[in-house]
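Only one structure is covered here, and it is reproduced in the block below.
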Amino acid sequence: MWKGKITEELRQLAHQYMDENHGVGPDSYDELNYDAMTYEAFMGFLQEALEQGVELPDVVPFFED
C-alpha cells in the first residue's frame, strides 16, 4: 500500500486507474514494494501503466535481493 505523499494529481490518476481496472487501486498489489518507491517513481509507473493500458505490476521492475 502506498504510504507516501498524496497530491490532487495522484488522486486523479488513481481514480482513472481504478476506472480502467475494475475498481482495483494502484496501491493494491501485494507484490510491489511501495516503500522502496519515491513519489516521483510511483507517479511515473502509474502514468506509464495508464498510457500502456496495463496493470501497475506490468511496468514496475522486479528486483530480487
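Side notes on the structure shown:
- The chain: trypsin sites (Lys or Arg not before Pro) falling in loop per DSSP and having at most 15 other Cβ within 10 Å: 3, 5
- Student exercise, region 8-53 dipole from Lys, Arg, Asp, Glu Cβ charges, in Debye to nearest 20: 60
- Translational D in µm²/s for the chain (Stokes-Einstein at 25 °C, 0.890 mPa s, Kirkwood Rh from C-alpha pairs): 206
A short reminder: the numbers here are calculations on the coordinates, not readings from a lab. These figures come from a predicted structure and were not determined experimentally. Using ideal geometry, Cβ is built from the backbone for each residue, glycine included, and neighbour counts are taken over all protein chains shown.
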